[in-house]
Amino acid sequence: MRPKGRTALEPGATAYTATKAGQVAMVQQLALELGRHGIRVNAVCPGEIETNISANTDSRHREETEVPVIWPEGDIPIAGGKAGKSEDVAETILFLASERARHITGTPIWIDGGQGLLR
């Protein structure tokens, strides 16, 4: 579930968001460069997805690096606060790899139930 109200920005969030923005920019440039060869390139951008990531991630010195922030109130709009499933991501990738997506390239596809609209 997405944090509500006053929370702390995760340590390392700046580096994480910068790499994500860089990936989208790279996808768009690759789409331009490879399009003439019939190669489509898109970015799949999942939001909160049910995974075991917290079981595999250690957070160290968090209290020293957290930055207080205020997030807007509300849940993931179309999901009623529930995280997406890995199948949501997989089905999007299958679509993008199919002929039905033949006219889509250089596009970030947000799979977040509208979560990104709240931040």
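No lab work stands behind these numbers, since they all come straight from the coordinates. Since the model is a prediction, treat every value here as computed from it, not as a measurement. As a convention, Cβ positions derive from the backbone with ideal geometry for all residues, glycine included, and neighbour counts pool all protein chains shown.
Applying 0.36 nm per residue to the separation of Lys85 and Glu50 and subtracting their alpha-carbon distance, the gain on full extension is 12.1 nm.
Modelled spin labels at Ser98 and Lys20, positioned 7 Å past Cα toward Cβ, are 2.7 nm from each other. Extension gain for the segment Leu32 to Trp110, taken as residue separation times 0.36 nm less the Cα-Cα distance, is 26.1 nm to one decimal.
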